[in-house]
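Undergrad: Below you will find the structure I want to go over with you.
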Amino acid sequence: VSPKPLSGKKVLVTAGGTVERIDPVRYITNDSSGKMGFAIAEAARDRGAEVTLICGRMEAEVPHGVKIVKVDSATSMYDAVMDRLANTDLVVKAAAVADYRPASQATHKMKKTSETFTLQLVRNPDILQAIGEWRVAQPDGAKPFIIGFAAETNDVEKHALDKLQRKKCDLIVANNVTEAGAGFGTETNIVSVYGPKGLVEQLPQMSKRAVAERLLEIAQAVIGEQNRK
Ligand code: C5P
């Protein structure tokens with residue numbers, strides 16, 4: 001029996017949405033279902049990888065056979081990811097991370113007092129960018145291989161390539177979330193995969209699991225090429 005393609009590899013996947021608390025009973029989140037990240041975790045597991053899935057709020061049922069780490073806020077996801085990077089071969093950031101969090105979290109339920117209310121938000125760390133920067137700072141700068149996602153509503157290619165450069169990833173998986181059959185909550189997705197030189201592959205509408213399988217094949221091919229250089 002030939003070994004599975006990812007056997008011995010450590011894969012870190014983030015999935016779901018982050019939860020940014022306002023007070024003990026209220027929070028800010030987003031529509032991420034976690035399904036795309038879960039499909040990647042399952043596909044990597046079935047290819048023999050040791051998978052850690054860091055998940056925020058999600059609707060889908062968590063996969064079995066992978067290590068689950070539950071987090072809530074972007075900062076807790078940041079800590080969970082950064083702690084594990086030294087021991088990771090491939091990281092896939094499919095989570096929908098909130099860009100901002102409330103500047104402070106009230107200890108008690110906030111009361112309505114005035115007619116208008118302003119909530120001050122502060123920027124969250126960009127986890128994907130931090131992973132890219134962490135890798136650049138390593139002696140060999142080779143690991144982990146980094147895959148990011150980009151949910152866009154317009155100028156998909158331009159924004160995807162911009163994110164790839166800025167966040168120093170190897171591949172960006174872009175989807176136009178305005179298309180039917182793509183994006184949040186759906187069973188299928190329609191994505192284009194970009195590398196540093198531009199479009200690598202445009203996939204038709206596929207189940208999220210099929211997208212995950214193809215994405216891992218592409219990643220393995222690119223890693224193979226990098227190793228030959
Ligand atoms: O939100 P944005 O479009 O920049 O997300 C693109 C990629 O960056 C996604 O892979 C997402 O998980 C990641 N990201 C992150 N930390 C953030 C914002 C986004 O890791 N604060």
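Undergrad: Using only Cα atoms, find the angle between the long axis of helix 127-136 and the longest principal axis of the chain, and express it within 0 to 90 degrees, rounded to the nearest 10.
TA: Taking Cα atoms only, the helix is inclined about 50 degrees.
Undergrad: Between S76, S192, S104, where does the largest GNM mean-square fluctuation fall for the chain, given springs only between Cα atoms within less than 10 Å?
TA: Greatest mean-square fluctuation among the candidates belongs to S104.
Undergrad: Between E217 and E179, what length comes free when the chain is fully extended (0.36 nm per residue of separation minus the Cα-Cα distance, one decimal in nm)?
TA: 11.2 nm
Undergrad: So, one more: Helix 208-228: angle to the longest alpha-carbon principal axis of the chain, degrees 0 to 90, nearest 10?
TA: Compared with the principal axis, the helix lies near 60 degrees.
Undergrad: Using a Förster radius of 25 Å, what is the FRET efficiency between H159 and L121 based on their Cβ-Cβ separation? Nearest 0.05, please. Before the final figure, lay out each step's value.
TA: On the way: r = 22 Å, r/R0 = 0.88.
For R0 = 25 Å, the calculated efficiency reads 0.70.
Undergrad: Evaluate E = 1/(1 + (r/R0)^6) for D23 and N227, where r is the Cβ-Cβ distance and R0 equals 41 Å; express this FRET efficiency to the nearest 0.05.
TA: Efficiency, rounded to the nearest 0.05: 0.25.
Undergrad: Shifting gears a bit: If you roll a 1.4 angstrom probe over the protein chains with everything in place, what fraction of the accessible area of the stretch 36-159 belongs to carbon and sulfur, to the nearest %?
TA: With neighbouring chains kept in place, the figure for the stretch 36-159 is 46 percent.
Undergrad: By the scheme Lys and Arg +1, Asp and Glu -1, what is the net charge of all other residues having a beta-carbon under 12 Å from that of G185?
TA: Taking every Cβ under 12 Å from that of G185, the sum is -1.
Undergrad: Which residues' amide hydrogens lie under 5 Å from the amide hydrogen of L121, considering only partners 5 or more residues apart or on another chain, with H built in the peptide plane?
TA: Result for L121 returns A103.
Undergrad: Where both residues lie in the chain, what percent of DSSP beta bridges are antiparallel, nearest 5? Could the numbers behind the result be given before it?
TA: Working: 17 of 42 bridges.
Of the beta bridges lying entirely in the chain, close to 40 percent run antiparallel.
Undergrad: Residue separation times 0.36 nm, minus the C-alpha to C-alpha distance between Q205 and T113: what's the value?
TA: Gain on stretching Q205 to T113: 28.2 nm.
Undergrad: Further, regarding this structure: Report, to the nearest 10°, how far helix 156-166 tilts away from the longest principal axis of the Cα atoms in the chain, using its own Cα long axis and a range of 0 to 90°.
TA: The answer is roughly 90 degrees.
Undergrad: I would also like to ask the following. Go ahead and estimate [θ] at 222 nm for the chain from helices alone: -39,500 (n - 2.57) per DSSP H run with n ≥ 4, summed, over the residue count, rounded to 500.
TA: Taken over the chain, the calculation gives -8500 deg cm²/dmol.
Undergrad: Another question, if that's okay. Run the simple label-point estimate for K67 and S104 please: 7 Å along Cα→C-beta, distance reported in nm.
TA: For the pair K67/S104, the computed spacing is 3.8 nm.
Undergrad: With a ≥ b ≥ c taken as the square roots of the eigenvalues of the C-alpha gyration tensor of the stretch 28-87, please select rounded if a/c is under 1.5 and otherwise prolate if a/b is larger than b/c or oblate if it is not?
TA: Judged from the Cα gyration tensor, the stretch 28-87 comes out oblate (a/c at least 1.5, b/c at or above a/b).
Undergrad: Now for a separate question. Between V191, V91, V69, where does the largest GNM mean-square fluctuation fall for the chain, given springs only between Cα atoms within less than 10 Å?
TA: V69
Undergrad: Here is a follow-up. Under 1.5 on a/c is rounded, so check that first for the stretch 84-229, then, if it is not, pick prolate when a/b is larger than b/c and oblate when it is not; a ≥ b ≥ c are the square roots of the alpha carbon gyration tensor eigenvalues.
TA: Values: a/c = 2.46, a/b = 1.50, b/c = 1.64.
Because a/c hits 1.5 or more and a/b fails to exceed b/c, the stretch 84-229 counts as oblate.
Undergrad: What does the charge dipole of the stretch 1-70 about its Cα centre add up to, to the nearest 20 debye, if the Cβ of each Lys and Arg holds +1 and the Cβ of each Asp and Glu holds -1? Each step should come with its number before you reach the end.
TA: Details: 11 positive and 8 negative charges, 58 e Å.
So the dipole magnitude of the stretch 1-70 works out to roughly 280 debye.
The values are calculated or read from the model by the stated rules, or taken from the named source; none is laboratory data. From a predicted model like this one, the values you see are computed outputs, not experimental measurements. Positions of Cβ are backbone-derived with ideal geometry, glycine not excepted, and every protein chain shown enters the neighbour counts. All accessible areas refer to the heavy atoms of the entire protein, side chains included, with ligands and DNA or RNA removed. Shrake-Rupley method; radii C 1.70, N 1.55, O 1.52, S 1.80 Å.
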